[in-house]
Structure formats: C-alpha cells, structure tokens
Amino acid sequence: MTWMTVESRESQDFPHLATAFRGLAAAFRGAYRQYREDRLRRDAFLNLLTLDDVTLDDIGVTRDAVNRAARLPLEVNAARAVRDRARPGAALAYLTDK
C-alpha cells in the first residue's frame, strides 16, 4: 500500500476532515496575507522616521506623533492614526482613506 493509496482512502473515509483542513488552510492563507499587507504598510510608514523635523512639520505632524503611531499594534493603520492627529490644514490631513 503506497502513501497515495492511504491518503485517498482516508479522504474517502473522512470527507469532513478533508473539508476542515482545506478551510483551515484557507484561513491561514488569509491571515498571512493580511499580516503581510499590514507589515508592508507599516514598513512604508516607518519611512517617515527618516525625515527631518522641518519636513515633518511641513507635512503637519511631529516626530513624537510618528514615533507613537509606529508603536501601535500592527493591525492599526499607523498612517491613519497620525493623519487623524495632524494639524488642521496640513498636507497629511488631506490624504484619503485607502
């Protein structure tokens, strides 16, 4: 009896297990995809830390606000958190939600 024979026989005997494993795998793929998007978004946000204070002031935020937002949980969009605290009329305040 080969491995393929055992696997196909098990999936025939327990079809609900195969469905459950497929659902579990899809959930993990979705969670990983979300984590990756959040990580890429946060890495892009962290580029603000390389700007000098004058440039950050032109944008309408302080370095303290950027540092505080960078420490937020990854699930929280740090750019939105900073935008919400931006100086009224600042360039950053006009960014759209995406």
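The values are calculated or read from the model by the stated rules, or taken from the named source; none is laboratory data. Since we're looking at a predicted model, the values are computed, not measured. Cβ coordinates were reconstructed from backbone atoms using ideal geometry, including for glycine residues, and neighbour counts include every protein chain displayed.
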May I ask you to say which residue of T5, T96, T62 is modelled with pLDDT of 90 or more and at negative phi?
T62
If G89 passes every condition in (1) of a type in the set (G, A, S); (2) part of a loop (DSSP other than H, G, I, E, B); (3) at pLDDT 75 or above but one, which one does it miss?
(3)
Of residues in region 65-86 being farther than 16 Å from A44 by Cβ and modelled with pLDDT under 90, the one nearest to the chain's Cα centre (by Cα)
D84
